[in-house]
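Q: Below are the structure tokens for one structure; questions will follow.
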Amino acid sequence: MRERTATPLAGILLLFALATPGAAAQDTALLYEEACDGGDFIACNVFGLMLETGEGVPTDLARAARLYQRACEGGELIGCTNIGLLHVTGLGVPLDTALATGLFQVACEGGEELGCNLFRAFEDADVVDPAERFDKTGRVGDAVSGQPLAGALLELVGRGVQAITDRNGSAEFVGLPAGTYRVKAQRLGYRDSEGIIQVPGGPRFLVLMTRDDVADPGEPGRIVGRVSEGPNNWLSNVEVAVLDQPLAHTLTNRDGRFTMREVEPGLLDVRFSRLGYAPRSVKIVVQPGRTVEVAATMFVEPIELDPIQVTARSSFLERTGFYRRAESGSGTHITAQQIEQLVPQRLSHVLQNRVPGLRIQYGAYGPPPTDTVPFSGPASSAVARPMSRRSNCALTVYVDGRQEMMEVDLDHWLPEELEAIEVYTGIDTPAEFATNYCGVILLWTRRGN
């Protein structure tokens, strides 16, 4: 699907289909064949192109390669480039990029421009950093008029990379690793065209496309295909739909196959969706009255779950019922972590800050200075007693589940000694600690743990 041109290009030139129609092409093929047999090596090259592209004659890549070889040996250097391109892809000849590079070099040394471009591209590819990435800009035009073709689909075959040409006929492939790529061009009303680009090579390539005569440009086309999630693992009940064509939708059967008829021709966006799988989208060109085959692979879509919160709980407090009572919603519950956040010097400071409805009653001299060491001796004017603001009565204090029978000084206990604190007043007091109507304070120490 290509024809060489002597026009200098900055990159690799894609070859395009000859524009000779039907019966005239057959007559032309006979003339070129006779001329080639008579020693006209230009004719050998052109006849090889016809055999490669199937223009007017059945496609025969092996015979095309032999004709290119005759042209090359006869001094028609574009023939050297042509057979080199066949060796790049392995079409009709063995895949051999080293031999192809040598043929491009022969063509280049004789002044053949495309051969030089290809030779430099393949030489550069041998020294490219594998991690380096390159951009390629393609231009698509009409093979006869040369006018740019907008809305053409360019695809890197086997790579799943697609691009659509803009109104200038241009499209860009971004971030390609070094290598050899087969590019396929499709557009409504034109024959498909394929060719090779080498990365890095030059930054641009050209695709020229030939018009395709059809009896009815509006005749519906058809899409058939199969959907899988891996080799021989076919997916049923996948919804297949064409964007902007409400009637063009269906489901895959148990073998993953689907068929859509009466599809409007053009550049289409086909969507694949199924619960539990990441949706897929592919662009295709449906020609009037023709069938396009599509193969799609879908992948399981991770389902995002709410984060799991793990809380380490004290087995001691679990046994004493602290967590059970905390979950009931009554009373005030203070953990060791919360005590540490307050950075208190005295236990009475913790309770004053965290427990509403509680006041601390001190002796005649009031509370001691905050920097005084907590009192640990017998009762004195510095004693801190827990009192209910509402009832003005003293709360009973339990330490590690045992009731304190003597007069209590809260500041007898250092804050860092405590694992947890519970405070209940009035009717909120748990039954097992309801020794008076006023309320209780439960101190759980690290010693009891």
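The values are calculated or read from the model by the stated rules, or taken from the named source; none is laboratory data. Worth saying up front: this structure is predicted, and the values here are computed from it rather than measured. Neighbour counts are summed over all protein chains in view; Cβ atoms, including those assigned to glycine, are modelled from backbone coordinates with ideal geometry. Areas reflect the complete protein model, heavy atoms only, side chains present, ligands, DNA and RNA absent. Shrake-Rupley method; radii C 1.70, N 1.55, O 1.52, S 1.80 Å.
Q: Binned at 20 Å from 0, what are the whole-percent values of the Cα-Cα distance distribution for the chain, short to long?
A: With 20 Å bins starting at 0, P(r) equals 19, 30, 11, 14, 18, 7, 0.
Q: Using only the heavy atoms of the protein chains and a 1.4 Å probe, how would 155, 404 rank by accessible area, largest first? Before the final figure, lay out the partial values.
A: On the way: 155 45, 404 70 Å².
These residues rank, largest area first, as 404, 155.
Q: Assign unit charges at the C-beta atoms only (+1 for Lys and Arg, -1 for Asp and Glu), then state the dipole size of the chain relative to its Cα centre in Debye, rounded to the nearest 20. Don't skip to the answer; put the middle values down first.
A: On the way: 40 positive and 57 negative charges, 390 e Å.
Magnitude of the dipole: close to 1880 debye.
Q: Can you give the accessible area per residue of region 232-363, in Å², using a 1.4 Å probe?
A: Details: 8330 Å² over 132 residues.
Per-residue value: 63 Å².
Q: Right, next: At a 1.4 Å probe radius, carbon and sulfur cover how many percent of the accessible area of the chain?
A: 50 percent
Q: Here's something else I'd like to know. Which three extents, in angstrom, do the Cα atoms of region 200-276 have along their principal axes, listed largest first?
A: Principal-axis extents of region 200-276 (Cα, largest first): 42, 41, 22 Å.
Q: I'd like the isolated cysteines in the chain, meaning no second cysteine's beta-carbon lies under 4.7 angstrom from theirs.
A: none
Q: What list of ³J(HN,Hα) couplings, whole Hz, do you get for region 409-420 from phi and the Karplus terms 6.51, -1.76, 1.60, once you set θ to phi - 60° and write x for glycine and proline?
A: Along region 409-420, the couplings run 10, 4, 7, 5, 9, 6, x, 6, 7, 9, 8, 5 Hz.
Q: Along region 282-295, what does the Karplus equation 6.51 cos²θ - 1.76 cosθ + 1.60 (θ = phi - 60°) give for ³J(HN,Hα), rounded to whole Hz, x for Gly and Pro?
A: 9, 9, 9, 10, 9, 8, x, x, 10, 10, 10, 9, 10, 10
Q: Percent relative contact order of the chain, based on C-alpha pairs within less than 8 angstrom and at least six residues apart?
A: Numbers: 956 pairs, mean separation 43.6, N = 449.
It rounds to 10 percent for the chain.
Q: Let me ask you something else. Going 7 Å from the Cα of residue 213 toward and past its Cβ, which residues in region 43-59 have a backbone nitrogen under 18 Å from where you end up?
A: What the label zone holds, given the 18 Å backbone N cut-off, is 54-58.
Q: Between residue 277 and residue 249, how many nm apart are label points set 7 Å from Cα along the C-beta direction?
A: 1.7 nm
Q: Pick out, in residue order, every one of the trypsin sites (Lys or Arg not before Pro) in region 150-196 that is DSSP loop and has at most 15 other C-beta atoms within 10 Å; say none if there are none.
A: Passing sites in region 150-196 are 159, 167.
Q: Another question about this same structure. What residue among 200, 168, 145 has its Cα farthest toward the positive end of the dipole of region 138-230, where the charges are +1 on Lys, Arg and -1 on Asp, Glu, each on the Cβ?
A: Checking the options against the dipole of region 138-230, the answer is 200.
Q: Lys and Arg at +1, Asp and Glu at -1: add these up for the other residues within a Cβ distance under 15 Å of residue 243 and post the number.
A: Working: positive: 271, 280, 283; negative: 239, 244, 264, 269.
Residues close to residue 243 contribute a combined charge of -1.
Q: Given +1 on the Cβ of Lys and Arg, -1 on the Cβ of Asp and Glu, and no further charges, what dipole in debye does region 247-345 carry about its Cα centre, rounded to the nearest 20?
A: Numbers: 12 positive and 11 negative charges, 50 e Å.
Once rounded to the nearest 20, the dipole reads 240 debye.
Q: Follow-up question, since we're still on this one. List the GluC sites (Glu not before Pro) within region 230-304 that DSSP assigns to loop and that have no more than 15 neighbouring Cβ atoms inside 10 Å. Intermediate results must be reported in sequence, preceding the final value.
A: Details: sites: 239, 262, 293, 304; in loops: 304.
The qualifying sites are 304.
Q: Given 356, 436, 296, which one lies farthest toward the positive end of the charge dipole of the chain, if we put +1 on the Cβ of every Lys and Arg and -1 on the Cβ of every Asp and Glu?
A: 436
Q: Please sort by residue number the chymotrypsin sites (Phe, Trp or Tyr not before Pro) in region 257-361 whose DSSP state is loop and whose Cβ has at most 13 other Cβ atoms within 10 Å.
A: Listed in order of number, the matching sites are 299.
Q: Positive end of the charge dipole of region 210-301 (Lys, Arg +1 and Asp, Glu -1 on Cβ, about the Cα centre): tell me which of 224, 248, 214 has its Cα farthest that way.
A: Ranked along the dipole, the leading option is 224.
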